[in-house]
1. Give me the percent relative contact order of the stretch 81-200, please, defined on Cα pairs under 8 angstrom at least 6 residues apart.
2. Kirkwood Rh, Cα Rg: Rg to Rh for the stretch 26-105?
3. With a ≥ b ≥ c the root eigenvalues of the C-alpha gyration tensor of the stretch 137-219, is it rounded (a/c under 1.5), prolate (a/b larger than b/c) or oblate?
4. For THR146, enumerate residues with amide H under 5 Å from its amide H, sequence gap 5+ or separate chain, H modeled in the peptide plane.
5. Mind ordering 91-99, 18-26, 30-38 by average Cβ neighbours within 10 Å, highest first?
6. If you take all C-alpha pairs in the stretch 77-151, what percent of them are over 17 Å apart?
7. Rounded to the nearest 500, what is the chain's calculated 222 nm mean residue ellipticity when only DSSP H runs of at least 4 contribute -39500 (n - 2.57) each, over all residues?
8. Between ASP125 and GLU203, what is the label-to-label distance in nm when each label sits 7 Å out along the Cα-to-Cβ direction?
Amino acid sequence: MKDDLNISPAYQHFLDFFTLTQLERLQGLDSSYFSSMTSEEKNKAFNYLKSNPNFTHHLENLRGLYLCDSEKAINLFKEELKKEPKRYPEQRDNDIIMHGRVFMSGYVCNYNPTKENINDLVSLDVRSSNEEVRSLKYQLIPSSPTTIEAINYLKETTIDEKSTLPAATSTSTLMAMYGLKFKMNDKNYLKIYRGLRSLEKKENLAALKRLESLKEPVLIV
């Protein structure tokens, strides 16, 4: 991709990323691809990343857009999230679309954690989505500050989730809302975590009550 002799080394480095394969490609775009660019080059890179009609389906593009120009990316994501998503016969196609929407909404509410933005992420219906999509949503919900709607939602998913990865993610985010972060040798953490993950409803409720007694979550009014 070196057909333009006027391309700067910084912009060429960005273009070369899209020729990478295997592990190098999996490592994804990072801030180094944009740090040496001029404003004009960043604008070109931004337009390049969104030129694919299905750019919202590709996390690589979404991450690149945010790294390139976070403010402009957030505005773009907000506009895309207003659009009604297409529905496809195959669930895997719907998962791809929802994965992108969760990713964009997560960027929006973590960049600007307002009640509206956080609850927009909470409102995305991932019940029929795969484990990866559900886990990503739980992971991206801000723990502090947060909203009462987000807390109530994670209380439900923490108890109802049966798949290992999304259940663990939901539980960890909920516990973080009450100020309890993972520590390997923290007996209190482990006791509450195991109680929340128990198959016994009685143990779930007891662990939830114990968690709620620790600290008041930081809420957005």
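Read-outs: derived from the displayed coordinates by stated rules, not from any lab. This is a predicted model, so every value here is computed, not measured. FYI the Cβ positions are ideal-geometry reconstructions off the backbone, even for glycines, and counts take in every protein chain you see.
1. On the way: 125 pairs, mean separation 24.1, N = 120.
Taking the mean separation of contacting Cα pairs over the length of the stretch 81-200, I get 20 percent.
2. Working: Rg = 13.3 Å, Rh = 13.3 Å.
For the stretch 26-105, the value is 1.00.
3. Numbers: a/c = 1.38, a/b = 1.15, b/c = 1.20.
Rounded, since a/c falls under 1.5.
4. The answer is VAL218, LEU219, ILE220.
5. Details: 91-99: 16.9, 18-26: 9.6, 30-38: 13.7.
So the order, starting with the most tightly packed, is 91-99, 30-38, 18-26.
6. Details: 1092 of 2775 pairs.
The answer is 39 percent, as a whole percent.
7. Details: 12 runs with 139 residues, N = 221.
Estimated from H runs of four or more residues: -19500 deg cm²/dmol.
8. 3.3 nm
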